[in-house]
Every structure is written in C-alpha cells, then in structure tokens.
1. Tell me the residue from V51, V106, V97 that is surrounded by 21 or more Cβ atoms within 10 Å (Cβ to Cβ), farther than 30 Å from I125 by Cα and of a type in the set (V, I, T), please.
2. Identify the residue in segment 179-197 that is more than 17 Å from R155 (Cβ to Cβ), crowded, with 20+ Cβ neighbours inside 10 Å and aliphatic (A, V, I, L, M) and, among all such residues, is nearest to the ligand (Cβ to nearest atom).
3. Looking only at residues that are touching a residue at least 40 places away in the same chain (Cβ under 8 Å) and not charged (D, E, K, R) in segment 46-58, which one is farthest from L251 (Cα to Cα)?
4. Looking at L304, L312, which is the one that is buried (at least 18 other Cβ atoms within 10 Å of the Cβ), farther than 30 Å from L16 by Cβ and among the aliphatic types (A, V, I, L, M)?
5. Which pairs turn up if I take residues in segment 140-155 that are over 24 Å from Y351 (Cα atoms) and look for partners that are surrounded by fewer than 18 Cβ atoms within 10 Å (Cβ to Cβ) with beta carbon separation below 8 Å, at least 6 apart in sequence or on another chain?
6. So which pairs qualify, if the first residue must be in segment 109-132 and touching a residue at least 12 places away in the same chain (Cβ under 8 Å) and buried (at least 19 other Cβ atoms within 10 Å of the Cβ), the second must be of a type in the set (G, A, S) and assigned to a strand (DSSP E or B), the Cβ gap must be under 6 Å, and the two must be at least 6 apart or on different chains?
7. Given the condition of a type outside the set (A, V, I, L, M, F, W, C), over 25 Å from T190 (Cβ atoms) and either in contact with a His (Cβ under 6 Å, 6 or more places away or on another chain) or in a strand (DSSP E or B) (or both), answer yes or no: does some residue in segment 124-135 qualify?
8. Among (1) away from the ligand (no atom under 14 Å from the Cβ); (2) touching a Lys or Arg at 6+ places or on another chain (Cβ under 7 Å), where does T148 come up short?
Amino acid sequence: QSLFNNVPLAPVDPILGVSNAYKQCTAAKKVDISVGAYRDENGKPYVLKCVFEAEKRLLGAPKEYLPIDGIPEFNKVSAKLLYGDAMNGKEKNMVTVQTLSGTGAVRIGIIFVRKYLPAGTTVYISNPSWANHHNICKESGVPSAQYTYYDPKTRGLNFEGMIADMKAAPNGSVFVLHLCAHNPTGVDPTKEQWNVIADVMKSKNHIPFVDCAYQGYASGDLDNDAYSARLFLSRGFEMFSAQSYSKNFGLYGERAGALTIVSHNEKNIPLILSQVKMDIRAMYSSPPTHGARIVATVLQDPELTKLWIDELKGMSNRIKYVRQKLLDALVARNVPGTWNHIVDQIGMFTYTGLNPKQVEVLVQKYNIYLLASGRVSLAGLNDHNIDYVADAIKDAVT
Ligand code: PMP
C-alpha cells in the first residue's frame, strides 16, 4: 500500500516523447527530425562561436545569486533586441525580467494575466500551436481557447478564419501570437496581414502576448523577424512578450529568456515589477546566471554581436538549404502530392501534411522520428540523410 497508488500516468509530451524514443532506438540508421534544436551539417549539436568566446571571458565569474528579476544589462539588451527602434521613448512604459527561458517567460506572463486581468479573461492560442501553451494555461488556471490559424488545404494561413475568430472573441481577450517562424506550422502572416491583425486587435481591445522563440531564425534578419512585436508596440498596445534564447543563441539547456510587459501608464511599471518578482520568488527565487551572462556579454560587445549575427544567418541559411533539398528530392522521386509548402514555410519547421499513419511508417519502418502531426524539424536534415528521408516519404505516401 502507498499513499501514491492513485497517481495516474501522465501522457507523454508529444515532442520530448518522440525525441526520447529516438535516443533509445538502437538501429544503425536513424534520423531525429522531432525536437526543435539546431544541428550542423553532420547532424551534431552546435555551440556558437560567439557563445564560446563569451564563455571564455566569463570563466571564473561569481556564482552569487542574481536579483529576483535577473541581470539588469541582460534585461535591457533583451528589450532592445526585440523592440529596437520601436521603443522610441517607451522604455519607461516597459518592464523586462529575466526568466527561465521562453517557457518561464510565458508561464510568469500567464500567471500575471490570471491575477491582474479581469476574471475570466480568455487566452486564445493558435490552432495548432506549441503544445506547451495549452499546458501552461491549464496549469496556471487560465481559461484558454483556440483561434483558427492553419489551413490544411492550402498548407498556409487561414487568414480570414483567424480574423473572424479575433472579431468573435470577447473584447479584451489575450491572443498568443508567434513573433515569427510559427511552431509547428512554419506559416507566418505577411506584414500586410500583421497590420490588419493589429487593426482588429485594437478595435477589440485585445492584448497581444507575443511569443518570441525564433527571432533571427525565420528570415535570418533580426529586425525583419521582430516586425510584429515592433508593430504592436508602435501601435500603442498594452502587451506581453516572451523571449527565448534557446534557438537563436543555441542556449537550450542554459534557460535564458525574458518577459516584457508594456503598460500605458508608467506609474504601473514599478507595481507590475513588484508583483512579477513576488511570483518568481515563490516559484524559483532567482534565475540562473550563465546563459543570461553569455547573452549580455555578446549583445554588449559590437564585435561579438556581429559574429552572432553572422552565425545566426549561417544557421538560418542552412535550414533554407535543406528545405530546398528536401523539396527537390521529393520532386525528383515523383512523390505524389504537392510539396511546395516545404519552401514556402519558414523557420525551423515544416508542417509536411503527412498523416499519422504515414508518420508511423517513417518511424516504424525507417527509424525516422518526427511528430505525429507531421511536423519536421529541418535542422535534423543534412546531405547525409535527405535522400534516405525522401525515399522513406515516397514509400509512406504511395
Ligand atoms: N514558444 C515556442 C513557440 C517554442 O517553440 C519554444 C521552444 N520550443 C518556446 C516557446 C520556449 O522554449 P524555451 O523554454 O526552450 O526557451
């Protein structure tokens, strides 16, 4: 007998579960295109040179506790990186705190929504989205709903559906929007569409919650990728943003991220900060030092920043290269169906349109691990495995 006999088995995380299955697979030929982590052209994890250089400089740095809200310079460079010139004197209306990466930023922000937005405020999440958005709302006790996003027929954006859902939502709802490189679909609104989204959000007093996990990964250009967040700020929204340095700095396990809250009334800023700090204190007391120090070191040094931008371009170009190679390989094999969406989509992922049965063939017969939704993390592809994957896809769909 045990007090814990009633503990049910929780469902396996849809992403991490697949990645673990890959690790346990003993087949000689196997491919991991599940988890959204960058791999180089030989399929190996990659430590950025700018990170390596920053780490050399940081060797022996004190291991003291950080302030509850993290390293002030890190918070400053983070806000600047995302919002750039759109800040334009709005610094006094913004507060940024260091968080446990992007997940932590979303979590702290959503808790703030529950505590300080009107009771019952619903958080709208794109359909589909990164599954953790739903987990976080559920665990934080915040009502959530989905808004139309992806159109399986066109494998692009269902813009009319998205706008209709925004109009139908109660005024003052929170909309979680992916800054760029939408996970899992790789489908982003155009700049024109972002402007219409901002118009509709404004007319409904909706609150943007911009999740920024891939700045620099979509186009390879940090400013271009930040378009939507800067648009919302310059259009005068009260808003949230959650930044992650997992992908663009390759700092996955270091847990470096930032939450920014923007208020119309600058008098609210110290009060907001006080509440956010109280939540952080009760949850994990203070954030980790190393990753945020790396980011602050790089972004405060023009030469390291330049090196970072070059490396980021290199990573995003390699992903564009494998997109084209995969498309070419499928076309060369006359694989039934249309596959252009692979190059039309953007960022780390392609939403292939493969159905769960076809995915099952890839996993079981070929040891190619991807999500049941058909999402492929392109970083796992390279010249050594693309033909193998294309052959397998041909088998699975024919
Ligand atoms: N949001 C989205 C959309 C993501 O894809 C991710 C990373 N998978 C995150 C947030 C947060 O990741 P992390 O906690 O590693 O920064």
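1. Numbers: V106 fails: farther than 30 Å from I125 by Cα; V97 fails: farther than 30 Å from I125 by Cα.
Step by step, each of V51, V106, V97 is checked, and only V51 is surrounded by 21 or more Cβ atoms within 10 Å (Cβ to Cβ), farther than 30 Å from I125 by Cα and of a type in the set (V, I, T).
2. Once the filter is applied, the top-ranked residue is L179.
3. The initial filter retains those residues of segment 46-58 that are touching a residue at least 40 places away in the same chain (Cβ under 8 Å), namely 46-51, 53-55, 57-58.
Checking the rest, the ones that are also not charged (D, E, K, R) come to 46-48, 50-51, 54, 58.
Working: Y46: 10, V47: 8, L48: 9, C50: 12, V51: 9, A54: 12, L58: 15 Å.
Once the filter is applied, the top-ranked residue is L58.
4. Details: L312 fails: farther than 30 Å from L16 by Cβ.
On inspection, the qualifying residue turns out to be L304.
5. So the pair list comes out as S140/R114; G141/R114; V142/R114; V142/T121; P143/G120; P143/T121.
6. From residues that are touching a residue at least 12 places away in the same chain (Cβ under 8 Å) and buried (at least 19 other Cβ atoms within 10 Å of the Cβ), the pairs are G109/A242; V123/S144; Y124/A145; I125/S144.
7. Step one: list which residues in segment 124-135 are of a type outside the set (A, V, I, L, M, F, W, C), which gives 124, 126-129, 132-135.
Now drop any that are not over 25 Å from T190 (Cβ atoms), which leaves 132, 134-135.
Narrowing further to those that are either in contact with a His (Cβ under 6 Å, 6 or more places away or on another chain) or in a strand (DSSP E or B) (or both): none.
No - not one qualifying residue is present in segment 124-135.
8. Every condition holds for T148 apart from (2).
The values are calculated or read from the model by the stated rules, or taken from the named source; none is laboratory data. Bear in mind the structure is a predicted one, so any value in this text is a computation, not a measurement. Heads up, the Cβs are rebuilt from the backbone with ideal geometry, glycines too, and the neighbour counts pull from every protein chain shown.
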